[in-house]
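A.B. asks: Structure provided below as structure tokens; questions to follow.
The values are calculated or read from the model by the stated rules, or taken from the named source; none is laboratory data. Quantities reported herein were computed from a predicted structural model and do not represent experimental measurements. Cβ placement follows ideal geometry from the backbone for every residue including glycine, while neighbour counts extend to all protein chains displayed. These accessible areas exclude ligands, DNA and RNA; they are computed on the full protein's heavy atoms, side chains included. Shrake-Rupley method; radii C 1.70, N 1.55, O 1.52, S 1.80 Å.
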Amino acid sequence: MSRPLVLGVLNVTPDSFSDGGEHLAPDAAVAHGLRLTADGADLVDVGGESTRPGAAPVTPAEEAGRVLPVVAALVAEGVRVSIDTVHASTAEAAVDAGAVVVNDVSGGTADPRMLAAVAATGAEYVVMHSLGPAGAAVTYRDVVREVADELERRVAAAVAAGIPEQRIVIDPGLGFAKGAADNWRLLAALPAFVATGRRVLVGASRKRFLGALLPDGAPMAARDLPTAVVSALAARDGAWAVRVHDVAATRLALEVAARAAEGTA
Ligand code: PMM
């Protein structure tokens, strides 16, 4: 069983749902990125705009001001960086600063320049499925089919814009305009997404459908245990990468999954 890559989440925002405000100062953000790397992250996913419902919108310039110094400092330390943005200008500047992956939660729909910009950079491109933020009420008749079909349309648009197919990663976008039942159905269908032959990224970390398994009032960090279990299951199902806040817990879960799958010490 090949181990999925681990993307450590680094939100340089005042208002992300689980870690907003913790890493807004550049020094604190860089220190956290280095901590994620020491914990075993293969990539640090740096974002400067919260996707939570009702989050204050940021201009691309504000977003770039938050993330670029952090990207540059982490790259200078030898960290492989992914940039979590829907804005072409931020993606371009981050890749110029050394980021190697563009992680676009809009799947190329938010900024009409994004696909061409990514094509020109040579970066890897994560196409995430989203019809809206967490909490947006979307009713799916067949969530797996609809997400898979829309992802294929987004991939086709990316390829048409010049991004080589092998540089594209797909992500079902857990929690984005999806309820708990939708998220569990998508996780159950992970093998089908992997069977497309595309690399699949899973972003379940600390999301509300995992929080719903915990007692009322449980702290955010209590969601790291169910997150790590999802990481192990995603590994079993052949995911290419998992995006998590608690990298150490996920690395441990992936060690267990690999040993249990292979029967080796
Ligand atoms: N989720 C969030 C942000 N970025 N990117 C990808 N590719 N997949 C996700 O599921 C995803 C993402 C929201 O979570 P956060 O506020 O904890 O970063």
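A.B. asks: So which pairs qualify, if the first residue must be in segment 125-136 and under 22 Å from ALA157 (Cα atoms), the second must be near the ligand (Cβ under 9 Å from one of its atoms) and among the hydrophobic types (A, V, I, L, M, F, W, C), the Cβ gap must be under 6 Å, and the two must be at least 6 apart or on different chains?
C.D. replies: VAL126/VAL169; VAL126/LEU201; MET128/VAL105; SER130/VAL105; SER130/PHE176
A.B. asks: Further question: Just to verify a result, which residue in segment 183-214, among those that are more than 27 Å from PRO164 (Cα to Cα), of a type in the set (A, V, I, L, M) and in a helix (DSSP H, G or I), is farthest from the ligand (Cβ to nearest atom)?
C.D. replies: Checked segment 183-214; the qualifying residue farthest from the ligand (Cβ to nearest atom) is ALA188.
A.B. asks: Then there's this: So, in segment 111-131, of the ones that are over 19 Å from VAL81 (Cβ atoms) and either over 18 Å from the mean Cα position of the chain (by Cα) or away from the ligand (no atom under 13 Å from the Cβ) (or both), which residue ends up most open to solvent (accessible area, probe 1.4 Å)?
C.D. replies: PRO112
A.B. asks: Among the residues of segment 57-86, count how many are within 14 Å of the ligand (Cβ to nearest atom), more than 14 Å from the chain's Cα centre (by Cα) and not in a helix (DSSP H, G or I).
C.D. replies: The qualifying residues number 1.
A.B. asks: Condition first: touching a Gly at 6+ places or on another chain (Cβ under 8 Å) and either without any contact (Cβ under 8 Å) to a residue 40 or more places away in the chain or assigned to a loop (DSSP other than H, G, I, E, B) (or both). Now tell me which residues in segment 162-174 satisfy that.
C.D. replies: The answer is GLY173, LEU174.
A.B. asks: Out of ILE163, ILE168, I need the residue that is closer than 16 Å to ASN103 by Cβ and within 13 Å of the ligand (Cβ to nearest atom). Which one?
C.D. replies: Matching residue, one of ILE163, ILE168: ILE168.
A.B. asks: So is ARG3 part of a loop (DSSP other than H, G, I, E, B), more than 13 Å from the ligand (Cβ to nearest atom) and at pLDDT below 95 or not?
C.D. replies: It is true that ARG3 is part of a loop (DSSP other than H, G, I, E, B), more than 13 Å from the ligand (Cβ to nearest atom) and at pLDDT below 95.
A.B. asks: Right, another one. Scan segment 69-82 residue by residue and report those that are farther than 19 Å from VAL126 by Cα and open to solvent by 10 Å² or more (accessible area, probe 1.4 Å).
C.D. replies: PRO69, ALA72, ALA73, VAL75, ALA76, GLU77, GLY78
A.B. asks: Quick one: in segment 1-37, which of the residues that are closer than 30 Å to ALA261 by Cα and among the hydroxyl-bearing types (Ser, Thr, Tyr) is most open to solvent (accessible area, probe 1.4 Å)?
C.D. replies: That would be SER2.
A.B. asks: What is the one condition in (1) crowded, with 17+ Cβ neighbours inside 10 Å; (2) at pLDDT 95 or above that ALA195 does not satisfy?
C.D. replies: (1)
A.B. asks: For segment 10-32, which residues satisfy the criterion of being part of a helix (DSSP H, G or I), in contact (Cβ under 8 Å) with a residue 40 or more places away in the chain and within 14 Å of the ligand (Cβ to nearest atom)?
C.D. replies: Passing the criteria: only ALA29.
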